[in-house]
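Participant: Right, I'll just put the structure down here and ask away after.
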Amino acid sequence: MKRYIVVAVVVVLSAVMAAPLSAHGATRIDVEGTWEYWPTGDDDIREHSRYTVIRNTDAGNWYGTFAGTQVGKFVVVVRNDLSFALYHERITFTGCVNIDHCGTMTILTYGRQVPGGMGPGEGGPWSGHWFVRNGTGDLEGIRGHGTWGGGPFPIPYEGKVRLP
């Protein structure tokens with residue numbers, strides 16, 4: 001009898017662990033499109049001995065699988081010899097994903113430029129990664145990640161998201 005119970009437990013656990021993500025109410029999709037943004041405030045520039053830090057806010061538009069607008073806060077760190085630049089931004093996106101899932105979501109972006117100018121389209125091309133961390137409305141529980149890169153605007157993006 002114990003043997004049958006152990007076998008039943010193993011079968012049930014195996015079935016649960018092997019269940020596809022969509023069986024839990026989520027759907028994975030590929031995403032792609034383009035993205036553009038522009039500064040909305042005055043640059044906060046702080047110069048140091050080997051690098052300069054630039055902080056600002058921005059607004060922008062997303063096209064493709066992500067269709068909507070953004071507001072964000074970004075930081076760019078540029079080596080003073082312009083040989084390298086790093087970028088990070090926290091974006092609040094408002095719009096739709098895959099047309100029918102609408103709300104807001106937080107997108108974190110990270111990138112770099114070599115050799116550098118002071119922004120996309122001003123020097124070498126930028127490339128980086130994006131991560132979706134949370135959402136509201138139909139996007140509550142969304143997760144995803146991907147890459148972006150190129151220049152000048154609009155910047156292409158691609159990746160995968162898990163819709164709730």
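Participant: Would you say Trp38 is at pLDDT 90 or above, assigned to a strand (DSSP E or B), surrounded by fewer than 14 Cβ atoms within 10 Å (Cβ to Cβ) and touching a strand residue (DSSP E or B) at 6+ places or on another chain (Cβ under 7 Å)?
Facilitator: Working: at pLDDT 90 or above: yes; assigned to a strand (DSSP E or B): yes; surrounded by fewer than 14 Cβ atoms within 10 Å (Cβ to Cβ): yes; touching a strand residue (DSSP E or B) at 6+ places or on another chain (Cβ under 7 Å): yes.
Here the answer is yes, as Trp38 does meet what is asked.
Participant: Considering only the range 127-152, state which residues are loosely packed, with under 15 Cβ neighbours inside 10 Å and within 15 Å of Asn61 (Cα to Cα).
Facilitator: Pro152
Participant: Every residue in the range 23-76 that is closer than 22 Å to Val132 by Cα and among the small types (Gly, Ala, Ser), please.
Facilitator: Residues satisfying the conditions are Ala23, Gly25, Ala26, Gly33, Ala59, Gly60, Gly64, Ala67, Gly68, Gly72.
Participant: Please verify whether the range 54-69 includes one or more residues that are of a type outside the set (Gly, Ala, Ser), surrounded by 12 or more Cβ atoms within 10 Å (Cβ to Cβ) and more than 26 Å from Cys96 (Cα to Cα).
Facilitator: Going through the range 54-69, the residues of a type outside the set (Gly, Ala, Ser) turn out to be 54-58, 61-63, 65-66, 69.
Add one more test, that the residue is surrounded by 12 or more Cβ atoms within 10 Å (Cβ to Cβ), and what stays is 54-58, 61-63, 65-66, 69.
This time we only want the ones that are more than 26 Å from Cys96 (Cα to Cα), so: 54-55.
Among the residues of the range 54-69, at least one is of a type outside the set (Gly, Ala, Ser), surrounded by 12 or more Cβ atoms within 10 Å (Cβ to Cβ) and more than 26 Å from Cys96 (Cα to Cα), which makes the answer yes.
Participant: Still on this structure, please answer the following. With respect to Val76, is the statement that it is modelled with pLDDT of 95 or more and not in a helix (DSSP H, G or I) true?
Facilitator: no
The values are calculated or read from the model by the stated rules, or taken from the named source; none is laboratory data. As the structure is a prediction and not an experimental result, all values here were calculated from the model. Methodologically, a virtual Cβ is constructed for each residue, glycine included, from the backbone with ideal geometry; neighbour enumeration extends over all protein chains shown.
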